[in-house]
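Before any comments, here is the structure.
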Amino acid sequence: MGNRGMEVLIPLVNRLQDAFSAIGQTCDLDLPQIAVVGGQSAGKSSVLENFVGRDFLPRGSGIVTRRPLVLQLISSTSEHAEFLHCKGKKFTDFDDVRREIEAETDRVTGTNKGISSIPINLRVYSPNVLNLTLIDLPGITKVPVGDQPPDIEYQIRDMIMQFICRENCLILAVTPANMDLANSDALKLAKDVDPQGHRTIGVITKLDLTDKGTDVRDVLENRLLPLRRGYVGVVNRSQKDIEGKKDISAALAAERRFFKSHPAYRHMADCMGTLYLQRLLNQQLTNHIRDTLPALRSRLQGQFLSLDKEAEEYKCLNSDDPSRKTKALMQLIQHFGLDFEKRIEGSGDQVDTVELSGGAKINRIFHERFPFELVKMEFDEKELRREISYAIKNIHGIRTGLFTPDMAFEAIVKKQIVKLKGPCLKCVDMVIQELINTVQQCTNKLESFPKLREETERIVTTHIREQESQAKDQVLLSLEIQLSYINTNHEDFIGFANAQQKTSQTSKKPSAGNQVSHSVIRKGWLTINNISLIKGGAKEYWFMLTAESLSWFKDDEEKEKKYMLPLDNLKVRDIEKGFMSSKHIFAIFNTEQRNVYKDYRHLELACDTQDEVDSWKASLLRAGVYPEKTTAESFSMDPQLERQVETIRNLVDSYMSIVYKSIRDLMPKTIMHLVINNVEEFIHSELLAQLYSSGDQYSLMDESPEQALRREEVLCTHAALKEALNIITDISTSTISTPLPPPVDSSWLHSGSLHRRYLTSPLPVQGVFIITPPHPLMHPSFSFSLRFPPGYSVPKKHPAPPAPSLPVHLDAPAPPVSNSTDTTNTTSRLKRVPPSVPR
């Protein structure tokens, strides 16, 4: 990649930062950047001011930098500064820049040392800078000052971590030389997020303030606490120099003299100082941006596509054109109707795997909850026999009857039919509630328009309530029809003759549902709750219920069967929920007092919710396992009356099974016709008309404040992402325009090591290169090779370079070589000899 292509990378990434900072959004983009980290008074501000060559940062005691400062340095012929929050205003006086930073900081954080993670964006144009972008972060502090919270240290650390934990952030860890490097907060934070040191550049300040006779040469030579990118030493102005307004250019000259003259640092003077640090950061950031561009582009495209559809919808809904609002209203109501229909009728697309939809819940009400409510009402044997006995006695009066009175049968049957009103009306109520819940779930998608949502929910709910009244009237009418005529000629009715032939023993009643002898009725997880702790305690198993047995397995693969329990003589009993238990429990027991499972007389089964318990009870009912009933107490009854009671009981049982079957079939049909189908038709054909007639239809499309904020945020973010993608395209176009030179034949080089690496950055050869003596920082076993483009010959006759010669290989623990075109960063300096030197 050529230099001209590389030069545009930093300014274009600056444009990316501005694009998102302008709308207060980051879009979670990990933009390449350099974060400046250090403790209070470590010299961070002085380093940045030395880069710019101007005093422009706030100074003082305690925490001075209280908001992140995104400092964009741009090489230009003129010198001025601009703030992103003051668009169009140029600052030529850098004292005004300082005052603006202080005012903008106080505007967000207050005047009493508060901090904020909202950055200030400052752009500095100057002929004295290289293109560079740095983020100056608040200095690490230990003790709160003023109104700062007690956890100010952790707040600052969290803010710093928000920046430096990103993989694309280079860390400029600033540490004063008069401090033990092992105690450096900056290096410790950098080590936490960058343990291998790939992203960390060390800066050692205040080299002139170390104790006499001491130095940090081992640190600067990267031998004490080595970093992959090494250390750079700088000498900033002292507090006296700052107060005396010492010119920064003079300070830079003094810094240069310091390194040239200091016996511990003069051998590395060319790799030290502010100017070298600025060039190094420019080079490192440029290379870093180049390496991260592909992943950055992918993230931008992903976020742009995820917002594209939503942004287009907002653009359409935001129009003030009444026809657009009308069209949007019609589309929303149409989508509401389709959503309601899918939730009720079922749909193959977008299947909810978390909870049951409205239609599935109504199906459970029809075929599980309602039959179970009927059976619960049916089984009060003691009361029923007493009623039959009283009916027979009251019909006979003072006489002793010789025959079983059919009037007693009709009286008892009608009373049992009247009792069906409760379960039938409860079934209607449960279905209505599920419909209303479904309407509310569907209107949640209209929350962007509160008036439209409220009006839609009101109109549809009102219509559902109207249909509820009609459905209940129809249910009551059906029961009145049943009461109006007791059809003893029904083909399924056993009649008096068969009833009298039945024995007095209680026979097993017909199943409440359709049974298939060997089919699986239900499968699911249940917990056996009454196993003692000694035997393992409560444990969850996979249960399978058929018409003949209840089996449980170790897991749902059904390979390891634990037990199979026949359903003969089993009943279901309710168990109260324990005080400390979160489970809902029911029990299965044997009516003949036999053990149900091993040495347990009953089996306690637990579910997470009461709905699951009711569902399992309904499934057991289908298998013929009924709820526990109160056994009829024997009371004084002569043998003839006892036979009459048993006959009437058998007749009632037979006739009510016919009624139950009819009601179970008729109830779902009645509710479907009068409520569910009617509501669906109303939504599709009448809802829109009623919305228009309810008032000003345009006000229905007024957005909620939250939605207006969301729309603005989405549209701004979408626009910023679009601009960012255009910027990325510019970067690609700019940086690919200069191709790499073709590879050259390097077979003429002497192979001094089996493991050899080469400097891969192309050097613009216009003469002969002479290798100078080794650099002081170079490891004794460090080596390198030169590649020459085609057309250049290897020098044949030329004076040998000064001793000592340079042994070759790079596998020794030396500082890594960067793939940069800046030759100042190599570990050996190359001097170009004029072309006049003979080849």
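The values are calculated or read from the model by the stated rules, or taken from the named source; none is laboratory data. Note that the structure is a prediction, hence the values are computed from the model and not measured. For neighbour counting, all protein chains shown are included, and Cβ atoms are generated from backbone atoms with ideal geometry for every residue, glycine included. We work out accessible area using only protein heavy atoms, side chains counted, and drop any ligands, DNA or RNA first. Shrake-Rupley method; radii C 1.70, N 1.55, O 1.52, S 1.80 Å.
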Quantify, in whole percent, the carbon and sulfur part of the accessible surface of the stretch 233-287 (1.4 Å probe; protein heavy atoms only). 53 percent
On each of the three principal axes of the Cα atoms of the stretch 87-214, give max minus min coordinate, whole Å, ordered largest first. 47, 42, 37
Using the Cα centre as the reference, give the magnitude of the dipole from point charges on the C-beta atoms of the stretch 38-164 (Lys, Arg: +1; Asp, Glu: -1; all else neutral), rounded to the nearest 20 debye. 120 debye
Lys and Arg at +1, Asp and Glu at -1: neighbours of Ala269 with Cβ under 9 Å from its Cβ sum to +2
Taking R0 as 35 Å, what's the FRET efficiency between Leu425 and Glu557 from their Cβ-Cβ distance, rounded to 0.05? 0.20
Taking protein heavy atoms only, a 1.4 Å probe, and rounding to whole percent, the accessible area of the stretch 519-632 owed to carbon and sulfur comes out at 47 percent
Which pairs break 28 Å Cα to Cα here: Lys309/Lys342; Lys191/Lys722; Lys342/Lys661; Lys376/Lys445; Lys44/Lys245? Lys191/Lys722; Lys342/Lys661; Lys376/Lys445
For the stretch 29-294, rounded, prolate or oblate, judged on the Cα gyration tensor with a ≥ b ≥ c (square roots of eigenvalues), a/c < 1.5 rounded, else prolate if a/b > b/c? rounded
In the stretch 657-717, GluC sites (Glu not before Pro) in a DSSP loop with at most 16 other beta-carbon atoms within 10 Å: Glu686
Please work out whether the stretch 519-632 counts as rounded, prolate or oblate from its C-alpha gyration tensor, where a ≥ b ≥ c are the square roots of the eigenvalues and a/c under 1.5 means rounded, while otherwise a/b larger than b/c means prolate and anything else oblate? rounded
Select from the stretch 461-495 those GluC sites (Glu not before Pro) which occupy a DSSP coil region and have at most 16 other Cβ atoms within 10 Å, ordered by residue number. Glu491
Under the 7 Å Cα-to-Cβ spin-label approximation, Asn394 and Met161 lie apart by a distance in nanometres of 7.9 nm
Using a simple charge model, +1 on the beta-carbon of Lys and Arg, -1 on the beta-carbon of Asp and Glu, nothing else, what dipole does the stretch 29-294 show about its Cα centre, in debye to the nearest 20? 440 debye
DSSP beta bridges in the stretch 29-294 [antiparallel fraction, %, rounded to 5]: 30 percent
Please compute the per residue accessible area over the stretch 29-294 with all protein chains in place, 1.4 Å probe, rounded to a whole number of Å². 43 Å²
If you roll a 1.4 Å probe over the heavy atoms of the protein chains, what accessible area per residue do you get for the stretch 437-499, in Å²? 54 Å²
Could you pull out every residue, at least 5 positions away or on a different chain, whose amide H is within less than 5 Å of the one on Thr133? Hs are placed 1.01 Å off N in the peptide plane, and Pro or chain starts have none. Leu73
Skip the ligands, DNA and RNA, and give the accessible area per residue of the stretch 519-632 with a 1.4 Å probe, whole Å². 54 Å²
Label-point separation, Ser519 to Leu224 (7 Å along Cα→Cβ), nm: 8.4 nm
For a distance above 13 Å, tell me the whole-number percent of Cα pairs in the stretch 191-232 that qualify. 56 percent
